[in-house]
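Taking it in order: structure first as structure tokens, then the write-up.
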Amino acid sequence: MAEPTQGTKLSGYIQLAVVAVVLAAGIYFGQAPDRIAVDPATPLGTNEEPPEVAVIEPVAGAHPASVVLTGTVGPHGIVAMMPSVNGGRVEWLSPAMRIGGAFKANEVLLRIEAKDYELDVAEAKSELRAAEARLERRRREGDAARIRRAQALVDKAQVVVERAELALSRAAFSLPFDGRIGQAQVSVGQVLSPGVSFGNAYATGALEVGAGIGNEDLAYLAPVAGRAATIMTDAGMFRGEVLRVSALVAPMSRLAQVFLKFADDTPLDSLPLPGSFATVRIEGDPFENTFLLPRAAEQPGGHVWVVKDGQLEAVTPTLLRRAMSDTIGRQTWLVRAFDTGEGVVVGSVFGSHRGMRVRVASSDD
């Protein structure tokens, strides 16, 4: 008789293995009980102790919502600095005439050599004295027509004197506001030309914040001008007020711009620098019969868990707004009030599902 091949032996081994598995399964199920008891309301279908959950009991009331925007600090306007006279050589510079320098209103920032302007004043006064002498002679002559012409020449000479004195005063350059130097390209000995800027400056009291705002937020805040706001920057937190809203929307973002000023009693030396980023929180009108829920109460899918009769029940509240609830920027969920049962669950619950049995954590834990 022929010897069995290796393939035949392998096939026989497989058949024996299948028979063994079938016999083992029959023995196991033959010894198993008719029914395995499972409580579907317990975690993972076991009779373990129900998990403990933390809950809050929100109080319905009139809650305002905050509109939170991001923006940039900037001056209301930047002033180009240039000579107010026909130019000249710089003979003195204030220490404040540097980038970032701070100055007071009408503080002299630089002086131009004034000799030419002093000579103009002297010449104009000489012409005035001559005109006054002519007028006196005409009065003695008694010719009314000549007197009127002489008086006109005196008036004209007086104007020339005033103009020359004004030019002399403007040889000392100053600005009519408290401010800071943004850019400065000037040094002692430099010749300044009329109409050519040697730097720029801005009024520190005219800093404002511009922030983009959508139509929905604008509608909620209307009228927005005059509303109180909180401005948060790297330099600190400041009280503010909405000044105005732009008349156009930005072509790229499709957002309007809202502009805010810092409170009038804010120390000027504490204000942030132009270009600083700012987070703006504007308080809106309150919504009646609402809850302010922490974001930790929101479950995946937008619902919350409430505990009723020791079991989880899902509620999808009516969302009104996302809100910033406090000064450190914790975000909350402003929703219409609803039946909270034994409390609203805060945080996630492992294996959570509708009807799951839970225990409410004691406040003493």
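The values are calculated or read from the model by the stated rules, or taken from the named source; none is laboratory data. A quick note: this is a predicted structure, and the numbers were derived from the prediction, not measured. Please note: Cβ atoms are built from the backbone with ideal geometry, for glycine as well, and neighbour counts cover all protein chains shown. Surface areas here come from the heavy atoms of the whole protein model, side chains and all, with no ligands, DNA or RNA. Shrake-Rupley method; radii C 1.70, N 1.55, O 1.52, S 1.80 Å.
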* Asked: Within region 227-236, can you find the residues that are out of contact with any Phe, Trp or Tyr (no Cβ under 8 Å at 6 or more places or on another chain) and open to solvent by less than 20 Å² (accessible area, probe 1.4 Å)?
  -> 229
* Restricting to region 128-181, what's the tally of residues that are over 60 Å from the mean Cα position of the chain (by Cα) and among the charged types (D, E, K, R)? -> 13
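Just to be sure I understand, how many residues within region 264-286 are under 15 Å from residue 241 (Cβ atoms), more than 13 Å from the chain's Cα centre (by Cα) and part of a strand (DSSP E or B)? Let's see the steps before the verdict.
The initial filter retains those residues of region 264-286 that are under 15 Å from residue 241 (Cβ atoms), namely 264-266, 271, 278, 280-284.
Still in the list and also more than 13 Å from the chain's Cα centre (by Cα): 264-266, 271, 283-284.
Subsequent filtering for residues that are part of a strand (DSSP E or B) retains 283-284.
Of the residues in that region, 2 qualify.
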* Kindly indicate whether residue 230 is touching a helix residue (DSSP H, G or I) at 6+ places or on another chain (Cβ under 7 Å) and of a type in the set (S, T, N, Q). => no
* The lone exception for residue 233 - which of (1) farther than 30 Å from residue 96 by Cα; (2) touching a residue at least 60 places away in the same chain (Cβ under 8 Å) it fails -> (1)
* To do: Please work out if residue 281 is open to solvent by 20 Å² or more (accessible area, probe 1.4 Å), farther than 30 Å from residue 54 by Cβ and basic (Lys, Arg).
  => no
* To do: Considering (1) more than 12 Å from the chain's Cα centre (by Cα); (2) free of Cβ contacts under 8 Å to residues at least 40 places away in the same chain, say which one residue 238 fails and leave the rest.
  => (1)
* Asked: Any idea which of 201, 167, 211 is modelled with pLDDT under 95 and either of a type in the set (Gly, Ala, Ser) or in contact with a Leu (Cβ under 7 Å, 6 or more places away or on another chain) (or both)?
  -> 167
* Exactly one of (1) open to solvent by less than 40 Å² (accessible area, probe 1.4 Å); (2) β-branched (Val, Ile, Thr); (3) at pLDDT below 95 is unmet by residue 249. Its number? -> (1)
* Identify all residues within region 140-167 that are part of a helix (DSSP H, G or I), open to solvent by 50 Å² or more (accessible area, probe 1.4 Å) and among the small types (Gly, Ala, Ser); write none if there are none. => 144, 152
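Being surrounded by fewer than 16 Cβ atoms within 10 Å (Cβ to Cβ) and among the polar types (S, T, N, Q) is the requirement here; does residue 126 meet it?
Numbers: surrounded by fewer than 16 Cβ atoms within 10 Å (Cβ to Cβ): yes; among the polar types (S, T, N, Q): yes.
Yes: the conditions hold for residue 126.
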* To do: Scan region 252-272 for residues that are exposed (fewer than 13 other Cβ atoms within 10 Å of the Cβ) and over 12 Å from residue 206 (Cα atoms) and jot them down.
  => 252, 253, 254, 265, 267, 269, 270
* Quick one: residue 137 ticks every box in (1) surrounded by 16 or more Cβ atoms within 10 Å (Cβ to Cβ); (2) more than 30 Å from residue 269 (Cβ to Cβ) except a single one, so which number is it? => (1)
* So, in region 59-71, of the ones that are buried (at least 16 other Cβ atoms within 10 Å of the Cβ) and at pLDDT 90 or above, which residue ends up farthest from residue 333 (Cα to Cα)? -> 71
* Residue check: is residue 119 surrounded by 18 or more Cβ atoms within 10 Å (Cβ to Cβ), within 60 Å of the chain's Cα centre (by Cα), free of Cβ contacts under 8 Å to residues at least 60 places away in the same chain and over 30 Å from residue 241 (Cβ atoms)? -> no
